[in-house]
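Participant: Submitted below is the structure of interest, expressed as structure tokens.
Read-outs: derived from the displayed coordinates by stated rules, not from any lab. Computed from a prediction, not measured in an experiment: that's the story for all the values here. Here the Cβ positions follow ideal geometry from the backbone for every residue, glycine too, while neighbour counts run over all protein chains shown.
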There are 2 protein chains.
Amino acid sequence: MKKDKVSSAVIRRLPRYYRHLNDLYLAGVERISSNALGKSMGLTASQIRQDLSCFGGFGQQGYGYNIENLRGEISDILGMNRGHNAVILGAGNLGRALMENFHFERSGVALSAAFDVAPDVVGQRLSGVPVHHVDQLEEYLGQHPASIGVLTVPRSVANRIAGRLVASGVKGIWNFTNIELTVDAPDIVIENVHFADSLLALSYMISEVP
Amino acid sequence: MKKDKVSSAVIRRLPRYYRHLNDLYLAGVERISSNALGKSMGLTASQIRQDLSCFGGFGQQGYGYNIENLRGEISDILGMNRGHNAVILGAGNLGRALMENFHFERSGVALSAAFDVAPDVVGQRLSGVPVHHVDQLEEYLGQHPASIGVLTVPRSVANRIAGRLVASGVKGIWNFTNIELTVDAPDIVIENVHFADSLLALSYMISEVP
DNA sequence: TAGATTGTTAATCGATTAACAATC
DNA sequence: TAGATTGTTAATCGATTAACAATC
């Protein structure tokens, strides 16, 4: 299904496609043309057809795309149906906010455990997720493999923990720490969520020359 | 200082330049060449020189760039010294996590107030920031103008609140809700932090074809 | 059938990389 | 001065847009 090398620009648009298609699906819409979808997303019809053609022909001439079907295809492409498991490292404010507010399962990811060092949280459950001591990370992952590690630990321990995650078989790290991780393993994917970078880009854009 | 139209690719790299230069600065390094900086950031020296030349010539032949100076120039370019004020809308888990963990001031932004509707939080201070009732938003912003609104409210009220922020003079919205805001005002900048999009991109990248 | 709309090939546009004269 | 390194111009590469035959 996945052809050749898909450019990073396309990969970044896929989740947006999914989100829009899901909204349309939940609103009960049945079909849409690349033209209409483009208008609602601020893209050209050409680009949408070009993007989708990286993965296959999901449309039909004269009809457009069936929304339920296309939504399903894109969720497959995104790996939402692969049963990815995740563990979260760091149950501080941000970690808890993610556990309590972010719906991992809506992205097809199961959050199975959290790890921290603070005695007041180890042993508890947060939003139904058990919190273990970081010392038990390797043992836990040995028994319950996970493909994603969510990193919400302090900056100072980020690289060490990242290394342990990778050594325990994690394939991707969702990095919320504000450092650029240096993981040397070749096939490990790092996805950074750099709040400060985002805010600074916003700051730039609203800072007109006087 | 800001020339022509700076491409979005360049804008997205600027905060990374700042972060790296700041790290080097704090480590006491004095100068760096585009070559060395490129190596440490995973960019080509050419690209760095090309990027910086959008804003001026900050280097010196045979020497490279003075780190303290370049860091300062980039912080200016990013608007970090414009005294931007921000208010945060929604003091739930995510809003609190931002207030307690994210250092707005390190991006040159002052967080002056939070707004919520929950009686148990209105009137309190969180990390030193006073929490007001959303009903007082317009009155507050009338007296304490802010250029940035941080949106951590539930999805259902996001667009309504965004409209009120814009009507009260906010120039940019840092949007943490998982919807695409529809703000019709022309010069308003929306910066989205879509967690799900980020996680799905990661999911795609670790989902090899079987 | 006629109209609509796809998937794909070709054309354009923009961003990245390479090259090099200028100069510290 | 000689070596290093910039800023900038030209060349290359890749991504977006346009066009259109195929076809539902």
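Participant: For the stretch B:1-119, list the strands (runs of 3 or more DSSP E) that sit wholly inside it and hold at least 1 residues that are under 13 Å from A:L200 (Cβ atoms); which are they?
Facilitator: Result: B:84-89, B:109-116.
Participant: If you take the residues in the stretch A:19-33 that are more than 14 Å from chain B (Cβ to nearest Cβ) and surrounded by 13 or more Cβ atoms within 10 Å (Cβ to Cβ), which one is nearest to B:N178 (Cα to Cα)? Walk me through it before giving the result.
Facilitator: Step one: list which residues in the stretch A:19-33 are more than 14 Å from chain B (Cβ to nearest Cβ), which gives A:25, A:28-33.
Filter once more, keeping what is surrounded by 13 or more Cβ atoms within 10 Å (Cβ to Cβ): A:25, A:29, A:31-33.
On the way: A:Y25: 16, A:V29: 20, A:R31: 23, A:I32: 22, A:S33: 24 Å.
Per the stated criteria, the residue is A:Y25.
Participant: A further question follows. Name the single residue, out of those in the stretch A:34-59 being near DNA strand C (Cβ under 6 Å from one of its atoms) and loosely packed, with under 12 Cβ neighbours inside 10 Å, that is nearest to the other protein chains (Cβ to nearest Cβ).
Facilitator: Filtering the stretch A:34-59 for residues near DNA strand C (Cβ under 6 Å from one of its atoms) gives A:34-35, A:45-46, A:49-50, A:52-53, A:57-59.
Next cut, loosely packed, with under 12 Cβ neighbours inside 10 Å only: A:46, A:57.
On the way: A:S46: 20, A:G57: 18 Å.
Result: A:G57.
Participant: Quick one: A:R31 ticks every box in (1) within 13 Å of DNA strand C (Cβ to nearest atom); (2) closer than 23 Å to B:D184 by Cα except a single one, so which number is it?
Facilitator: A:R31 satisfies every listed condition except (2).
Participant: Just checking, does the stretch B:72-93 include any residue being away from chain A (no Cβ under 14 Å) and within 16 Å of DNA strand D (Cβ to nearest atom)?
Facilitator: Yes, the conditions are met somewhere in the stretch B:72-93.
Participant: Kindly provide the set of residues from the stretch A:1-46 that are within 23 Å of the chain's Cα centre (by Cα), within 10 Å of DNA strand D (Cβ to nearest atom) and touching a residue at least 12 places away in the same chain (Cβ under 8 Å), ordered by number.
Facilitator: A:V6, A:V10, A:R13, A:L43
Yes/no per residue for (1) under 19 Å from the mean Cα position of the chain (by Cα); (2) in a loop (DSSP other than H, G, I, E, B); (3) closer than 22 Å to B:D23 by Cβ:
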site: A:V157; (1), (2), (3): no, no, yes
site: A:G163; (1), (2), (3): no, no, yes
site: A:G169; (1), (2), (3): yes, yes, no
site: A:I179; (1), (2), (3): yes, yes, yes
site: A:A185; (1), (2), (3): no, yes, no
site: A:D197; (1), (2), (3): yes, no, yes
site: A:L202; (1), (2), (3): no, no, yes
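Participant: Okay, next question. Right, B:G95: surrounded by fewer than 22 Cβ atoms within 10 Å (Cβ to Cβ) and on the phi < 0 side of the Ramachandran plot or not?
Facilitator: So B:G95 fails the test.
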